[in-house]
Amino acid sequence: MESILLLAHTEADGALARPALEALAAAKNLGSPLHIGLVGGQVQPAADLVAGAGAARILAVSGEAFGQARYATDAVAAEALCRASGAAIVIAPGTSRWSRVLPGVAFRLDGRVDTHATALATLNGVPAVTRWFYRQRMEGVLTRSQRPWIVLLDAGCVPVWTGAPGKAVVETVELVPVETRTTVTGTRSPEAGEQTIRPDAKLLFVAGAGWTKKQADGATHTAEAEKLILDFLRASQASLGGSKSLVDLSGEGEAVLRFMTHLNQIGQTGATPRHPKGLSTCCHGEEPHAVGWRFIGQRRAVNLDANCGWARGKADVLYVADAFAVMREVNALLAK
Ligand SMILES: Cc1cc2nc3c(=O)[nH]c(=O)nc-3n(C[C@H](O)[C@H](O)[C@H](O)COP(=O)(O)OP(=O)(O)OC[C@H]3O[C@@H](n4cnc5c(N)ncnc54)[C@H](O)[C@@H]3O)c2cc1C
């Protein structure tokens, strides 16, 4: 049976984030001999967290230089751990840090990489990866004969591994010194004013360009739209998505919702988040937008237009109604 390496980077506190524990669960489900490789400023908290996962070895590259996401240091650390483990299959969480580095590591190892995997299973006795193609329009299941095979697993696809923590023995993998030309001086977030993207939220609330358009009285009501949406997000802790038209409006100098950035955009050229439920408001539900709803469980939409895209099989329920009136009422109910 081919051995597997779960390759994870630690967080600032030395522990593992949710996507790493999901990747661990996926690695364990394959039932092959497991190694764990950790990279980070400190790794002992992470190793203790996964002490009960049944890994034959826990290998690590740690130290100040590895506390920051930087291609040069991350690539040598990941390469060294892959080589030290001798694993044929490397499973890693599809975080932005690993997604940037591991394709290059696969090249250095003369291996192969697959990104955006959504499931891993054994098929005809060999590991097989499921992923979507053409912006989530087709699902494919593939196997590969080349080794090592690195697989980046998208977050939110597999339940997290939840074993008991313990006291782990960590084998340190020594590296030749790495020349670094990049220094991370800090992190800067987009100026969205408020955190509105919540990947773990039960509900995705989508705002479309309709919120900024002239309403029945011939005037726009952007200030009220902002308040209605923010009040709803605060009360419900929903994650905020936007249509392309809405996030693009600021570039056209039009009245905009100030907390909406391109990071909120859902769709073909935006994000494809995973939430159990979605509520679309003032958005027409055109295919390039609705394709980003592929992984939303139950879909509902509020639109004045009974012939909007949502009515054509893209939503489970379409409320033909004024979203201003609906959200005013919803917020009043939530405030009770
Ligand atoms: C290559 C390509 C890629 C694209 N990628 C994306 C993408 O990633 N994401 C994306 O979103 N779009 C994408 N688009 C654009 C997409 O086709 C649509 O243009 C866009 O989604 C329309 O945004 P909208 O529905 O918010 O605005 P509109 O089309 O202007 O619709 C506004 C809606 O609001 C409704 N409305 C107005 N007032 C109210 C009210 N008071 N109550 C209820 N409803 C009201 C109206 O009836 C209307 O249906 C892409 C297009 C192309 C060509």
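Assorted remarks:
- Lys pairs, region 202-329 - Cα-Cα below 19 angstrom, 8 or more residues apart or on other chains: 7
- Put a dot 7 Å past the Cα of Thr143, heading toward its Cβ, do the same for Arg181, and the two dots end up 4.3 nm apart.
- Amide H contacts of Leu123: Ala128, each under 5 Å away and 5 or more positions distant or on a separate chain (H built 1.01 Å from N in the peptide plane; Pro and chain starts excluded).
- Placing unit charges on the Cβ atoms of the charged side chains and taking the dipole of the chain about its Cα centre, the candidate lying farthest along the positive direction among Pro103, Ala128, Leu6 is Ala128.
- Label point 7 Å beyond Cα of Ser32 along Cβ direction - residues of region 100-114 with amide nitrogen under 18 Å: 103, 106-107, 109-114
- Order of Cys157, Cys283, Cys82 under a 10 Å beta carbon neighbour criterion, fewest first: Cys157, Cys82, Cys283
- In terms of overall dimensions, region 280-320 has a Cα radius of gyration and Dmax of 8.9, 25 angstrom.
- Both radii are taken from the alpha-carbon atoms of region 204-336; with Rh as the Kirkwood radius, Rg/Rh is 0.93.
- Using the Cβ-Cβ distance between Ser99 and Leu304 with R0 set to 35 Å, the FRET efficiency from 1/(1 + (r/R0)^6) comes to roughly 0.30.
- Packing-based exposure ordering (other Cβ within 10 Å, fewest first) of Arg299, Arg137: Arg137, Arg299
- Helix screen, the chain: DSSP H segments with Cα axial length of 18 Å or more and mean Kyte-Doolittle hydropathy at least 0.0 are 71-85, 222-236.
- Residues Val169, Val158 in ascending order of nearby Cβ atoms (within 10 Å, fewest first): Val169, Val158.
- Stretch gain in nm, segment Thr172-Tyr71, where the contour uses 0.36 nm per residue and the Cα spacing is subtracted: 34.3 nm
- Between Thr212, Gly297, Leu228, the Cα set farthest toward the positive side of the dipole of region 203-335 (charges on each charged residue's Cβ, about the Cα centre) is that of Gly297.
- Between region 140-205 and region 1-59, the C-alpha centres lie 11 angstrom from each other.
- For the chain, the share of alpha carbon pairs falling in successive 20 Å distance bins from zero is 29, 48, 23, 1 percent.
- Distances between every pair of Cα atoms in region 29-108, grouped in 5 Å steps from 0 to the bin holding the largest one, split as 3, 14, 26, 26, 20, 8, 1 percent.
- The share of C-alpha pairs in region 4-172 whose separation exceeds 25 Å stands at 23 percent.
- Highest-fluctuation residue, Glu287, Glu79, Glu64 considered, GNM on the chain with Cα pairs under 10 Å: Glu64
- Summing Cβ point charges (Lys, Arg +1; Asp, Glu -1) relative to the Cα centre of the chain gives a dipole of roughly 560 debye.
- The charge dipole of region 4-172, taken about its Cα centre with unit charges on the Cβ of Lys, Arg, Asp and Glu (plus for the first two, minus for the last two), comes to roughly 420 debye.
Each value in this text was obtained by applying a stated rule to the coordinates, not by laboratory testing. These figures come from a predicted structure and were not determined experimentally. Neighbour counts are summed over all protein chains in view; Cβ atoms, including those assigned to glycine, are modelled from backbone coordinates with ideal geometry.
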